[in-house]
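The values are calculated or read from the model by the stated rules, or taken from the named source; none is laboratory data. Please read all numbers here as calculations on a predicted model, not as lab measurements. Neighbour counts are summed over all protein chains in view; Cβ atoms, including those assigned to glycine, are modelled from backbone coordinates with ideal geometry. Ligands, DNA and RNA are stripped out before the accessible areas are found, and what is left, the full protein with its side chains, is counted by its heavy atoms. Shrake-Rupley method; radii C 1.70, N 1.55, O 1.52, S 1.80 Å.
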Amino acid sequence: MTTHKLLFLPGDGIGPEVAREVSKILTLLSEAGIGTFETEEDLVGGAAIDAHGVPVTDATVKLAREADAVLFGSVGGPKWAGVRYEHRPEAGLLRLRKDLGLFANLRPAICYPALASSSSLKPELVEGLDILIVRELTGGVYFGEPKEIVTLDNGEKRAVDTQIYTTGEIDRIARVAFELARKRRNKVSSAEKHNVMKSGVLWKEVVTQVHAADYADVELEHVLADNCAMQLVRRPKQYDVIVCDNLFGDILSDAAAMLTGSLGMLPSASLGAEDAAGRRAALYEPVHGSAPDIAGQGLANPLAMIGSLGMALRYSLGLGDVADRLDQAITNVLDSGSRTRDIAAPGQNALGTAEMGNAVRDALKPLLA
Ligand code: IPM
Ligand code: MG
């Protein structure tokens, strides 16, 4: 049996609660003889600040690099609002992305049929929705230098963030998007601001070149990022794969997430480049944040975190067929009417985090037999 090395970084807020539900699924997978899962757990975000004074330590980054997959919960909360910018909880996540070279962020937005009525859009607009946002994750305005606030001679302050992209960075993320589109509905929409930003001009140019050179069989369109946001709430099913830079991807993926009924439903994968041995660094996390308002109460929806395990099985552990079954188990649970509070109908009796985790585990069990 293959041994898979997993690193849990549950983090803050609801992170530890939802991560616990993933452990239950892993226990079931081991019992079913799917594989051996060697898990380690470490601190990140506010939890790491409390213990070590920094949001992620060098030792944790090393563990993350050595793992087959990192399962990340969420970071941040009001408790750490006062820590200095360089050491804020989010900096731990950003360092992991950068140091592990996780340039490709896959954020699928799938509307489960049973949840079409939970969306803020009309059910017919979102029913059957299945889009994939491919967000560039290690470049752009998140990391560009200079990044600073300076005081000018006249006493005013001036803040600068820098949006930078090289042809190489655009080329590699475009290829990820085209490859994934080939396995789906074969269409890529590249969202950029080529009407205002130089980085948008280069983005469009490079995506067009990569397409012509190696992916002419895939349908490609360019869409202005603001228009893309509008189209996402107008007619989201026109999209298959959307590829965009780091900041636009942050914004568009939150909008896409909400189409599916709840931010609590969306998993994500952050992948590095493949090395010569075919191995790549990978981190899996729910798109939702730490939700301090409900943390510790056992109310959080664990499906995004469980879905993130599904993506780890698919993209890092070579267990795509098990991932399919896990997706089916989630579908079955939702079809049976089970809901956590965020996706419950008004007045419906909602399940807690652990009950939802148990429901998915129990639904998965017969599918593994
Ligand atoms: C996300 C989050 C992060 C980001 C934060 C927590 C730094 O919003 O993963 O979308 O902005 O990338
Ligand atoms: Mg975000």
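Here are some notes:
- Charge dipole (Cα centre; +1 on Lys/Arg Cβ, -1 on Asp/Glu Cβ; no other charges) of the stretch 82-235 amounts to roughly 340 debye.
- Top positive-direction residue, dipole computed over the chain with Cβ charges, set Ile306, Thr340, Ser119: Ser119
- Among His211, Thr166, Gly155 - extreme Cα towards positive end, dipole of the stretch 130-258, charges at beta-carbon: His211
- Pair Lys98, Gln209: separation of 7 Å Cα→Cβ label points (nm): 2.7 nm
- Prolate/oblate/rounded call for the stretch 6-124, Cα gyration tensor, a/c under 1.5 rounded: oblate
- Within a Gaussian network of the chain (alpha carbon springs, distance under 10 Å), most fluctuating of Gly45, Gly261, Gly53: Gly53
- Magnitude of the charge dipole, the chain, Cβ model with Lys/Arg +1 and Asp/Glu -1, debye to 20: 400 debye
- The alpha carbon gyration tensor of the stretch 114-262 gives principal lengths a ≥ b ≥ c with a/c of 1.5 or higher and a/b no greater than b/c, which makes the shape oblate.
- With the highest mean first, a sort of the peptides 101-110, 142-151, 208-217 on other beta-carbon atoms found within 10 angstrom per residue produces 101-110, 208-217, 142-151.
- The three principal axes of the Cα atoms in the stretch 209-253 give end-to-end lengths of 31, 22, 14 Å, sorted in falling order.
- Listed residues Ala51, Leu364, Ile110: farthest to the positive end of the dipole of the chain (Cβ charges): Ile110
- The label-point distance for Glu127 and Glu90, in a model that sets each label 7 Å from Cα toward Cβ, rounds to 3.8 nm.
- Those aspartates and glutamates that a straight Cα-Cα span of less than 19 Å connects to Lys193, excepting residues fewer than 8 apart in one chain: Glu136, Asp161, Glu169, Asp171, Glu205, Glu221, Asp226, Asp245, Asp250, Asp254
- Accessible surface, the chain, averaged per residue in Å² (probe 1.4 Å): 43 Å²
- Rg and Dmax of the chain, Cα atoms only, in Å: 20.4, 72
- Helix-derived mean residue ellipticity, 222 nm - over the chain, DSSP H n ≥ 4, -39500 (n - 2.57), to 500: -13000 deg cm²/dmol
- Computed in the context of the full set of protein chains, the accessible area of the chain at 1.4 Å probe radius has 52% of its extent on carbon or sulfur.
- Of the trypsin sites (Lys or Arg not before Pro) found in the stretch 264-346, those that fall in a DSSP loop while having at most 16 other beta-carbon atoms within 10 Å are Arg279.
- Filter on Lys62/Lys365; Lys147/Lys204; Lys79/Lys198 - keep pairs with C-alpha separation over 27 Å: Lys62/Lys365; Lys79/Lys198
- The stretch 119-161: C-alpha gyration tensor shape, a/c 1.5 cut-off, then a/b vs b/c: oblate
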